[in-house]
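Down below is the structure, laid out as structure tokens.
The values are calculated or read from the model by the stated rules, or taken from the named source; none is laboratory data. Bear in mind that the values here come from a model prediction, so they are computed numbers and not experimental data. No Cβ is skipped: glycine too gets one built from the backbone with ideal geometry, and neighbour counts run over all protein chains shown. These accessible areas exclude ligands, DNA and RNA; they are computed on the full protein's heavy atoms, side chains included. Shrake-Rupley method; radii C 1.70, N 1.55, O 1.52, S 1.80 Å.
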Amino acid sequence: MNKNFFIDNRKKFAEKMDDYSTAVFFSGKAPRESADQEYGFSVDRNFFYLTGIDMENMVLLINKIAGKTTEILYIPPVDEHYEKWYGILMRNDEAKELSGIESIQNRYSFMDELAKRLSSADRPDNVYVFSYIADKDEPYDNYRSLAHWIRNQYPAVSIKSSLDIMSELRGSKTEEEINEIKTAIGYTKEALEFVMKNLKPGKFEYQVRADFEYQLGLRGSKPSFKTIGASGEKAVILHYIDLKQKIQDNSMILLDLGALSNNYASDITRTYPANGKFTTRQKDIYSIVLEAQNVAMDKMHVGASEEDVNNAVKKYFADSLKAINLIKDDSEVSKYYYHGIGHPLGLDVHDFRRRDKTIQENNVYTVEPGLYIKEEGIGIRIEDNVWVTKKGLVNLSKEIIKSVNDIENFMK
């Protein structure tokens, strides 16, 4: 991505900061998995959004004093011994070129430098740190540890959350971001087509996952979240990731999966017949779910509330399920449809959501109705990724086939 994108993002963030404030963003660090292993690193998405750098153990500081903004990027110093064992560290010039930040400092001087800043005559009144949905039992991360330190050492300094600013900025996608999401969707489409051609009864769910993730790897991508591949009765479990079951003839497999492109995610769900042909009952339920997705998309527009869209889907499901004698009363829908219609998508699979849960211009959303009939061993979900514009909805994943005829013809 062009560094001007990240320069603009920092400028927009600084404009929304209170004056006499400092904001801190950590890139993160992979925690230890065992005595000699660490978990795979995944960059803090806010840090990436503001810098374009996908590296561990870095800190971005944005300072706004008397209306003047300064930026400092703290990166680990070059360590030749480390590089012999683990890989090449980023140099100052590379960090400048990627981020557009001119001031690059030693990562290990960050806390001393921050202490000096908070003790100086032109000290900030506020420090912005990022906090989201923090579990009270969760161990302190970098942000919470920093906030705790500031409260104890500098009680006159107010701590503010950067959540609201980042939610507003990241919610409105630029054309460059849309292209990254479309690229991730393209990887997903190609990998799913390989899955469909190789799907058959007798395979294990984990083999289907392996087919999908192998194809992503061939394209230099990786899953945007843990792949869900639920066959038969397991498809009524929304986040089923065990994937140990053998796929039976005349059953279906629900695949909820995605890919990454430059840390931007796709999130797609398709439900396929294991043997390439839907049974009559499967086809009937599938058709209801597919039409429910159309109902949802018709209701989605700038200013619409997520609740209104979901209520329209529930009303459609109620009418349809009564028509096939599965339920008698509208209240019974929740037995077979027990999640929301979708969520924002971007650098996170579940991207930041507005407090009022209204859909805004240039948001990207998933649209994912589903029906889960436990007593029949049927679980069907169909999910696409849409871009909400002033002119209407753009289905970014429309090329991933989903009609009964298209699926059966492709799987022949």
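Taking a straight Cα-Cα cut-off under 13 Å and skipping sequence neighbours fewer than 8 places away in the same chain, the aspartates and glutamates within cross-link reach of LYS203 are ASP211, ASP249.
From the square roots a ≥ b ≥ c of the eigenvalues of the alpha-carbon gyration tensor of segment 295-412, which class results: rounded (a/c under 1.5), prolate (a/b over b/c), or oblate? Because a/c hits 1.5 or more and a/b fails to exceed b/c, segment 295-412 counts as oblate.
The alpha-carbon atoms of segment 183-236, seen along their principal axes, cover 32, 21, 14 angstrom, with the largest extent given first. Taken over segment 90-219, the convex hull of the Cα atoms encloses 212 Å³ per residue.
Taking 31 Å as the limit for the C-alpha separation, the pairs LYS222/LYS335; LYS222/LYS315; LYS3/LYS29; LYS246/LYS357; LYS226/LYS328 exceed it in the case of LYS222/LYS335; LYS222/LYS315; LYS246/LYS357; LYS226/LYS328. Just to confirm the number: angle between the C-alpha axis of helix 306-323 and the first principal axis of the chain, 0 to 90 degrees, nearest 10? Result, in degrees: 10. P(r) for segment 11-127, from all Cα pairs and a bin width of 10 Å, is 12, 41, 33, 12, 3 %, short bins first.
Find the accessible area per residue for the chain; the probe is 1.4 Å, ligands and nucleic acids are left out, and the unit is Å². Working shown, then result.
Details: 20020 Å² over 412 residues.
Ligands and nucleic acids excluded, the figure is 49 Å² per residue.
Mean-square fluctuations from a GNM of the chain, with a 10 angstrom spring cutoff on Cα atoms, peak among SER231, SER34, SER120 at SER34. Dipole orientation for the chain: of the candidates TYR264, TYR187, ILE53, TYR187 has the Cα lying most toward the positive pole (charges on Cβ; Lys, Arg +1; Asp, Glu -1). Sequence-distant contacts, meaning Cα pairs under 8 Å at least 6 residues apart, place the relative contact order of segment 1-72 at 38 percent. Legend: calculated FRET efficiency, ARG281 to ASN152, from the Cβ-Cβ distance at R0 = 60 Å, rounded to 0.05, equals 0.45. Think of segment 104-145 as a dipole: +1 on every Lys or Arg Cβ, -1 on every Asp or Glu Cβ, centred on the Cα centre; then among ALA121, ASN106, PRO139, ALA121 lies furthest on the positive end.
Counting only residues at least eight positions apart within a chain, or on another chain, the aspartates and glutamates with an alpha carbon under 12 Å from that of LYS173 are ASP351, GLU361.
When the Gaussian network model of the chain links Cα atoms closer than 10 Å, the mean-square fluctuations of ALA318, ALA30, ALA265 top out at ALA30. Placing a pseudo-label 7 Å from each Cα along the Cα-to-Cβ vector at ARG354 and LYS335 gives an inter-label distance of 3.6 nm.
Residues within the reach of a label modelled at LYS200 (point 7 angstrom out along Cα to beta-carbon, backbone nitrogen below 15 Å), restricted to segment 373-412, are 411-412. If the reach is capped at under 12 angstrom between alpha carbons, list the aspartates and glutamates near LYS299, excluding any in the same chain fewer than eight residues apart. Straight-line reach from LYS299, under 12 Å: GLU307, ASP308. Shown here for segment 303-412: chymotrypsin sites (Phe, Trp or Tyr not before Pro) in loop regions (DSSP other than H, G, I, E, B) with at most 13 other Cβ atoms within 10 Å, namely TYR338. About its Cα centre, the chain has a charge dipole of approximately 500 debye under the convention of +1 per Lys or Arg Cβ and -1 per Asp or Glu Cβ, with nothing else charged.
Working out 0.36 nm times the residue gap between GLU33 and SER145, then minus their Cα-Cα distance, what length gain in nm do you get to one decimal? Walk me through the numbers on the way to the answer.
On the way: separation 112, 0.36 × 112 = 40.32 nm, distance 2.08 nm.
Gain on extension, GLU33 to SER145, equals 38.2 nm.
The chymotrypsin sites (Phe, Trp or Tyr not before Pro) found in segment 85-156 that occupy coil by DSSP, while having at most 15 further C-beta atoms within 10 Å, are TYR132, TYR140. Against the chain, whose longest principal axis is taken from its Cα atoms, helix 142-153 shows a tilt of about 40°.
Using the alpha carbons of segment 229-285, what is the convex hull volume per residue in cubic angstrom, as a whole number? If you can, show how the numbers build up before the last one.
On the way: hull volume 5.7 nm³, N = 57.
Normalising the Cα hull of segment 229-285 by residue number yields 99 Å³.
Taking 7 Å steps out from each Cα toward its Cβ at ASP125 and TYR108 produces label points 3.8 nm apart.
Using +1 on the beta carbon of Lys and Arg, -1 on that of Asp and Glu, and nothing else charged, what's the dipole of segment 1-87 about the Cα centre, debye to 20?
Values: 11 positive and 14 negative charges, 99 e Å.
So the dipole magnitude of segment 1-87 works out to roughly 480 debye.
How long is the gain from ALA115 to LYS226 if the chain were fully straight, where each residue apart is worth 0.36 nm and the alpha carbon distance is subtracted? List each step's numbers first, then the result.
On the way: separation 111, 0.36 × 111 = 39.96 nm, distance 4.00 nm.
Gain on stretching ALA115 to LYS226: 36.0 nm.
If R0 equals 35 Å, the separation of the Cβ atoms of GLU408 and ASP79 corresponds to a calculated FRET efficiency of about 0.05.
Dividing the Cα radius of gyration of the chain by 2.2 N^0.38 Å, with N the residue count, gives 1.10. Taking only DSSP H segments of four or more residues, each worth -39500 (n - 2.57), what value at 222 nm results for the chain once the sum is divided by all its residues, to the nearest 500 deg cm²/dmol? Rounded to the nearest 500, the figure is -11500 deg cm²/dmol.
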